[in-house]
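First up is the structure itself, then whatever we jot down about it.
No lab work stands behind these numbers, since they all come straight from the coordinates. Note that the structure is predicted; figures quoted are calculated from it, not measured. When we count neighbours, we look across all protein chains shown, and the Cβ atoms used for this are built from the backbone with ideal geometry, even at glycine.
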Amino acid sequence: MRLVIVGGSDAGVAAALRARELEAAAAVTLVLADAYPNYSICGLPFYLSREVEDWHRLAHRTAFDGIDLLLNHCAESLDLVGHTIRVRDAGGQLQTLPYDRVLVATGARPALPDIPGMNLDGVFPLHTMDDSFAIDAYLRQAKCRKVTIVGAGYIGLEMADALRIRRLDVTVIGRSASPLPSVDQEFGHEIEKELQRHAVGVLCGAEVTRVGRVEDRLVVTAGDLEDEADMVIAAPGVRPSTELAAASGIRLGVAGAIAVDRSMRTSAPDVFAAGDCVETWHQLLAANVYLPLGTTAHKQGRLAGENMIGGDRLFAGSLGTQVVKVFDVAIARTGLRDDEARQAGFDAVTVESAAWDHKAYYPGARELRTRITGDRQSGRLLGAQILGHWQAQVAKRIDVFAAAIYHGMSVEGLNDLDLSYTPPLGSPWDAVQIAAQAWATATR
């Protein structure tokens, strides 16, 4: 069995490892456009902050047992009839690889705004290891003091945190009404306050229309604001990288991502796809969406690797479970927000409540704010959001909600869970359950 996998990040590496785990005789070739197999895009802000000093820790694997790595090779074309894929190395040499099954795991690329000035010296995206090296070098060589970040999503906010650790002045500009548009504005405004507490300038609800240069300074124009900076980092989100698939006639789906079924098969025989380049089955919506997440890419890649060597697994679906740390605050979500649930036809009700992360009499108790979304008619749990101190186990508590939604639980059913308790770490009724009780009371 000859397997070719295009893309060496989360989905591609997970697929290669799973295929070799189940079929040691499989000939697996992993084609990478760069020299960093298995690097962590999510870790780039922490390398730039120097919380992770050595970048090798983000891309620590350079070889995989039984897997042939083609580094710095770009896939140029896919011959669906002849079962071959043509790749070109950095020196321009072409090579044709035969395959029995192929996985397209080409990921995503920054959705850079189409505005003047995005190609100026000192304007950088942040998506690859090479991007992080270029940013780090420019920060040092240009002796930057002020950075403007275009984009108030996860990467933009993590970069604001990272650059403040390096004692740079930072401004964040976002199009949404509040930072982190994937959560409710009530929590987004709290994130805005946290940014401001750490001397980050925040401009929300603003569209960047151009980046210019005046003498040795960059000028970012957004509405009536002209923000001067030594560097601009563009963190506007991503779009799926589907050129290889599209050129081969493989069907595209939601948001221009590669259309796949739940076994990660594409419209072409013997061609699979996984990760940030594909549409994703949403468990609650029972429909495909575009929802690029590292956790999802790992799961889809592992499943694709199994199916490529003869398995018949189905992707269970995503709930969009996410968490981010911004300075001293962590904020997480899973499932549907109120507006998303209503659009999907649910009789959605969202209730916010507050509780301590552990017994208030034990020192260091911190408040957690939780927003639960449920269906008024059935009582079904549809989603949750949590905001609190980053050491208050926000991530693990959102995982309780994610597991409950996955298994179709009601909001009231959370109270029956046998959760752990000791005064330094929790309460007899955990904050998750106190939030469930508040929702039940408000919807009686």
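Tabulated results
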{"read-out": "Residue ranges of helices (runs of 4 or more DSSP H) in segment 99-210 with at least 2 members among the β-branched types (V, I, T)", "value": "154-165"}
{"read-out": "Residue match in segment 163-172 (condition: more than 18 Å from the chain's Cα centre (by Cα), without any contact (Cβ under 8 Å) to a residue 12 or more places away in the chain and under 24 Å from R239 (Cα atoms))", "value": "no"}
{"read-out": "One residue from G383, G413 being within 22 Å of E340 (Cβ to Cβ), surrounded by fewer than 17 Cβ atoms within 10 Å (Cβ to Cβ) and not polar (S, T, N, Q)", "value": "G413"}
{"read-out": "Selection from segment 342-382 of residues that are basic (K, R), touching a residue at least 60 places away in the same chain (Cβ under 8 Å) and more than 23 Å from L419 (Cβ to Cβ)", "value": "R376"}
{"read-out": "Matching residues, segment 225-242, being small (G, A, S), on the phi < 0 side of the Ramachandran plot and outside any strand (DSSP E or B)", "value": "A235, S241"}
{"read-out": "Among the residues listed as A199, A162, A137, the single one being surrounded by 15 or more Cβ atoms within 10 Å (Cβ to Cβ), of a type in the set (G, A, S) and under 19 Å from P45 (Cα atoms)", "value": "A162"}
{"read-out": "Filtered residues of segment 294-316 (kept if surrounded by fewer than 19 Cβ atoms within 10 Å (Cβ to Cβ) and either in contact with a Phe, Trp or Tyr (Cβ under 8 Å, 6 or more places away or on another chain) or assigned to a loop (DSSP other than H, G, I, E, B) (or both))", "value": "G310, G311, D312, R313, L314, A316"}
{"read-out": "Residue match in segment 130-142 (condition: touching a Pro at 6+ places or on another chain (Cβ under 6 Å) and not charged (D, E, K, R))", "value": "no"}
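To keep it simple, each residue is scored yes or no on (1) surrounded by fewer than 16 Cβ atoms within 10 Å (Cβ to Cβ); (2) over 27 Å from the mean Cα position of the chain (by Cα); (3) hydrophobic (A, V, I, L, M, F, W, C); (4) at positive phi.
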| residue | (1), (2), (3), (4) |
| --- | --- |
| E23 | no, yes, no, no |
| P37 | no, no, no, no |
| S49 | no, no, no, no |
| W55 | no, no, yes, no |
| T62 | yes, no, no, no |
| L69 | no, no, yes, no |
| L78 | no, yes, yes, no |
| G92 | yes, yes, no, yes |
